[in-house]
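A short reminder: the numbers here are calculations on the coordinates, not readings from a lab. Not measured: the values here are computed from a predicted model.
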Amino acid sequence: MTENIWAYRVDVDYLAADLTGYRVEALDGSIGKVDKHSDEVTDAYLVVDTGVWILGKEVLLPAGLVTRIDHTAAVVHVDRSKERIKAAPEFHRGEHLGDAGHRESLVTHYLSGMPFGVPPA
């Protein structure tokens, strides 16, 4: 697939509301809530506060991992497992938000071993 991982998929309705506070569902369960998001073209992402799940870690999820947004239930669905997200490179807002190297490490992490847009087995 040649889509940009930093852009929402064409079939995802991300413009209907502010996603802050939406619950985030991985393939195997809830991982936290959206703390911040960007819907900029080719630079879209979610900052997810995982709360007590992994001791309050924040993770950066490229918008291309979002498969569906349920605005009625305030839920964002992503196509990676909790374990894959938990194992992502650590995210610190003040250091990593505009850091190209950190973003590249996220792309490598989220796409290694699986084609973009295809959920892991």
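For Ser81, the residues whose modelled amide H falls within less than 5 Å of its own, excluding neighbours fewer than 5 places apart on the same chain, are Leu27.
Restricting the calculation to alpha carbons of segment 23-111 gives Rg and Dmax of 12.0, 36 angstrom. Evaluated over the Cα positions of segment 1-40, the convex hull gives a direction-averaged projected area, one quarter of its surface, of 3.7 nm².
Taking amide H atoms as placed 1.01 Å from N in the peptide plane, the amide H of Lys57 lies under 5 Å from those of Thr50, Gly51, each 5 or more residues away in sequence or on another chain. Amide H contacts under 5 Å for Arg68: His77, restricted to partners 5 or more places along the chain or on a different chain, H placed in the peptide plane at 1.01 Å from N.
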